[in-house]
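What follows is a set of notes on a single structure, which appears directly below.
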Amino acid sequence: MNSSSHPILIELSQQLPETSKACKYIQGAESFSQVVTQAQEEFSCLSDLDADWGNGFSGRTQLAQNGYDNWLKDMEEDDRLRLMGALKLIIELAEELAEE
């Protein structure tokens with residue numbers, strides 16, 4: 001079973017920017033473990049936008065590369081927190097589904 005066959009994950013993905021990799025992974029044919037890995041990366045970047053993620057990339061830069069560039073332009077703190085909550089739910093559900 002892959003992520004595109006789980007209705008709750010699909011519904012949660014609608015809270016993410018359509019261009020984000022996590023959203024594309026959920027709506028595509030990627031495995032649950034791939035969804036977990038991508039959502040964790042995006043969650044970590046949102047947790048600290050200014051942190052150095054290596055090679056001089058900040059969390060903001062990583063997010064832009066993961067499809068959040070337009071979203072970042074208009075982002076407010078409430079938007080960031082809401083998105084982190086959605087990603088956390090996605091991570092938890094996909095982890096459980098990956099174990100099955």
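Please report 43, 57, 32 as a ranked list, fewest other C-beta atoms within 10 angstrom at the top and most at the bottom.
Values: 43 18, 57 15, 32 22.
Result, fewest neighbours first: 57, 43, 32.
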Modelled label reach - residue 96, point 7 Å along Cα→Cβ, the stretch 2-44 residues with backbone N closer than 18 Å = 2-14, 32-37, 39-40
For the chain, with +1 on Lys and Arg beta carbons and -1 on Asp and Glu, the positive-most of 45, 93, 19 along the dipole | 19
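Given the -39500 (n - 2.57) contribution per DSSP H run of 4+ residues, what per-residue ellipticity at 222 nm results for the chain, rounded to the nearest 500 deg cm²/dmol? Kindly include the intermediate steps, with their values, before the conclusion.
Values: 6 runs with 63 residues, N = 100.
One gets -19000 deg cm²/dmol as the mean residue ellipticity at 222 nm.
What is the packing order of peptides 6-14, 46-54, 84-92, 20-28, taking the mean over residues of other C-beta atoms within 10 Å and listing the highest first? Don't skip to the end; give the middle numbers.
Working: 6-14: 15.2, 46-54: 12.4, 84-92: 17.8, 20-28: 21.9.
Per-residue mean Cβ counts within 10 Å order the peptides as 20-28, 84-92, 6-14, 46-54.
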Read-out Kirkwood radius over Cα pairs in Å, candidates [x] 13.4; [y] 14.4; [z] 16.0; calculated match is [x]
Can you give the angle from 0 to 90° between the axis of helix 77-99 and the longest principal axis of the chain, with both taken from C-alpha atoms, to the nearest 10?
-> 30 degrees
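Coordinate-derived values only; no laboratory data. On a predicted model such as this, the values are computed, not experimentally measured, just so you know. Positions of Cβ are backbone-derived with ideal geometry, glycine not excepted, and every protein chain shown enters the neighbour counts.
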